[in-house]
Structures are given as structure tokens and as C-alpha cells.
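Reviewing the structure listed below.
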Amino acid sequence: MSGDTSAVCLPDRYTRNVVETRDPHAELVADFRAGMLEAPRSLPPKYFYDDRGSQLFDAICDTPEYYPTRLERELLEANVEAIARRAGAATLVELGSGTSRKTETLLAAMLRAHAAVHYVANDVCEEVLDESAQRLLERFPRLTVDALCGDYTAALAALAAVDREPATPHLYAFLGSSLGNFEDAEAIAVLRAIRSAMHAQDRLLLGLDRVKPVAALERAYNDAAGVTAAFNLNLLAVLNRELGANFDPAQFEHRAPFVSEGSRIEMHLVARAPQVVEVSEPAVTLEIGAGEVIRTEISRKFDDAAIDLLLGGAGLRREQEWSAGESWYSLLLLRPDTD
Ligand SMILES: C[S@@+](CC[C@H](N)C(=O)[O-])C[C@H]1O[C@@H](n2cnc3c(N)ncnc32)[C@H](O)[C@@H]1O
């Protein structure tokens, strides 16, 4: 793990640590090989998030159709004192923190209860980590921030190296229903990794999107201004830049249907016409048929049974749950199952 804060001017209350255990470029090449060489083609969603992808995701959160951010923010604002009190933590560890905009509410509440707060923020996008830390440190003089730039699991493995108060209660946060990007086995593995890092007094705040009418779901991922489409298509720019590919984004269309089997929105890039794409690394030629789909993300919508399966598999149990409106979105405060 290396500390690297040279590129930005930030107070000495900030450190950015690169925690990748694998070379990110080699990992992208391997994931491309595994998912893209034959139909059905797919890639993991973490490759959306270069600097532009992170900005586009932030813009998605501001679209009127994208209810998850709005509801999660409302739930946090309404219940933040109870969450902070129950967690009793002066350390917050957040996975996939993005811009940390919602997290700000939580940090403010923790700072009302503690003289100093330590925020460990993890994301794959280093620009978003730097920019968010700068904003948070300007707002909160009693805050220190350690950024762990890399994959969730690499960040959890590296946590001990930046943990300033390991013996005190920690609050972990995994918001934005990012857990919904994983199938059951992977989701349980991520939750288990969090559970392994937790001590008995620690808590995990998990934001999960719920089952709801299909029309609302499809609207949320097909916003009228086309921001989600731009976010989805930006993946092709990432592949062109990182792998020396020549995808033409104009030759693909964004679609985000609800797939009832698996209760999920799937993000697709659909080829408008037959096309040949050359890639430098790995050195391959893709022949993509008209209408062929590249699946770029799954976003699962959970019912109680699906949540219980994941929590049971990971050794976590509910301490408290807050839901918005007609249970469109839930925040769960979880504790390690020690029985
Ligand atoms: C859906 S956004 C959610 C952002 C924020 N937590 C929120 O609730 O608005 C997912 C975030 O996780 C990051 N991310 C995606 N995959 C990741 C991974 N495997 N490891 C670490 N961060 C990841 C992205 O860069 C992005 O900032």
C-alpha cells in the first residue's frame, strides 16, 4: 500500500492510499477476456467509474427519476441521530463512497457526539476521493480522512494499516444499493469481508433498493435527459482509452429493462448494427451482431427473503431498519451475528 497525495493540495488531515492487490490494468484485461469475447457479453460495473463516469453518476443522482438517492438521503436525514447514537462510533468506514454527499449528514451527526471523527473512504476512482475529501475537510475541521483507492475487498484487507482507533466502535457504511450490483454468491462474499473486519461492537449501515412497480424502476434508469445513457456509453470510452479499442459509441444504444427473473434492472449497451471492433490489449477482434447486448450492470431489487439470504450467509443480523414511503428503499443497521 502506498500513500500518494502529491497530485492535490489537501490539508494534512488527508491521506490517499492505493490499495489494489492486483494491477488494475491487468484486471481490466482479464475481465474483458472473461466477459467480452463471446455472447452473452458483460463487464463488471466498476469500470464505469473513471473521472467522467463518477461525474455522470453524480448527475444521475440529481435526475428527478432517480429515486434511490433521494429516498436514501431522506432516510438518512430523518434518522441520522438514531443511527449515530446506536453505532456510538467515531470512525466511519465507507465502501464505494463516491462523492460522499449523503455521508456528510452522517459525519455531521458523528461530529456532534465526538470531539474528532475519522472517515475511511474507499472507492475505485481516485479523483472522486480527492475532491470529496477536500470538500469534507473544509467543512469539518475536526475530521480526518483516509482514502483507500481500490476494490472493496482490497480496501477491507488494507483497513488495519490506517485504523487509528481499532479498539473503539466503528460504523461501516455501504450505501446506494451498491450490493445490488452482485449476484448472491458475490454479494455474500462482499458482506462476509465486511463482517470479518467488524468487531462485536461495530455496526454496518446498508442501503438497499426494494421491489416496486416496474414503471418506476424503468423510469429511474432511463431518465428523460439521457444522463444514464451517457453514463452507460461512457464505458466504451473507458475501454477505448484503457485497452486501445475502437468502439464507436454512436453505434450503441442504452437500454435498462427490468428483468423479473432475478428481480433486477439490467443495464445494456445494444449494438445498432453489425460491427467489427478492434482491441489492442487483449489483441482481439470482436464481431458484434446487430441487436447484440453487452450487459454492463445488474441492479437488484430486494424483498425480505432475498435480504435474509444474504445476511444469513454473511453472519450479519438486523438491529434496526428504516424504510421510505411504501418500502421503496431501506436502510438497515446490522450487527455481527455472534451466536
Ligand atoms: C452506485 S455508486 C454509489 C456512490 C455512493 N455510495 C452513493 O450512495 O451515492 C457506486 C460507487 O462505488 C464505486 N465502486 C464501484 N465498484 C467498486 C468496487 N468494486 N470497489 C470499490 N468501489 C467501487 C464507484 O466508483 C462509485 O463511486
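Values quoted throughout were computed directly from the atomic coordinates according to the rules given, and no laboratory measurement underlies them. None of the values given here were measured: they were computed from a predicted structure. Note that we place each Cβ from the backbone using ideal geometry, even for glycine, and neighbour counts take in every protein chain shown.
Summary table below
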read-out: Span from the segment 318-333 Cα centroid across to the segment 9-74 one, whole angstrom; value: 25 Å
read-out: Straight-distance crosslink candidates among lysines, where the alpha carbon sits under 18 Å from LYS301 and sequence neighbours closer than 8 are dropped; value: LYS212
read-out: Cβ charges +1 (Lys, Arg) and -1 (Asp, Glu), total dipole of segment 184-339, debye; value: 340 debye
read-out: Tail weight of P(r) past 27 Å, computed on alpha-carbon pairs of the chain, percent; value: 45 percent
read-out: Loop-located trypsin sites (Lys or Arg not before Pro) in segment 163-250, at most 14 other Cβ atoms within 10 Å (DSSP); value: ARG164
read-out: Folded to 0 to 90 degrees: helix 126-139 orientation relative to the chain principal axis, Cα; value: 30 degrees
read-out: Under-5 Å amide H pairs with ALA245, H placed in peptide plane, nonlocal only; value: ASN240, SER280
read-out: Kirkwood Rh, angstrom, segment 185-335 [1 / mean 1/r, Cα pairs]; value: 17.9 Å
read-out: At 1.002 mPa s and 20 °C, Stokes D of segment 1-118 from Kirkwood alpha-carbon radius, µm² per second; value: 122 µm²/s
read-out: Equivalent ellipsoid semi-axes, segment 137-224, via Cα gyration tensor eigenvalues times 5, rooted, Å; value: 29, 18, 13
read-out: FRET E, pair GLU138, THR168, Förster distance 25 Å, beta-carbon r, rounded to 0.05; value: 0.45
read-out: Lys, Arg +1 and Asp, Glu -1 on Cβ, resulting dipole of the chain about Cα centre, debye, nearest 20; value: 880 debye
read-out: Spatial separation of Cα centroids for segment 166-218 and segment 83-155, in angstrom; value: 16 Å
read-out: Amide proton proximity set for ASP202, modelled H, under 5 Å, gap of 5+; value: HIS170
read-out: Beta bridges per DSSP with both ends in the chain, % antiparallel, nearest 5; value: 55 percent
read-out: 0 to 90° range, to nearest 10: angle between helix 51-61 axis and the chain longest Cα axis; value: 70 degrees
read-out: Residue-by-residue Karplus 3J(HN,Hα) for segment 309-314, coefficients 6.51, -1.76, 1.60, Hz, glycine and proline x; value: 4, 5, 5, x, x, 9
read-out: Added length on full extension, which subtracts the Cα-Cα distance from 0.36 nm per residue, ASP304 to ARG101; value: 70.3 nm
read-out: Options HIS268, LEU309, PRO44, ranked by Cα towards positive dipole end of the chain, top entry (Cβ charges); value: LEU309
read-out: Percent RCO, i.e. relative contact order, over the chain, from Cα pairs under 8 Å lying at least 6 residues apart; value: 21 percent
read-out: Listed residues ALA245, GLY207, GLY291: farthest to the positive end of the dipole of the chain (Cβ charges); value: GLY207
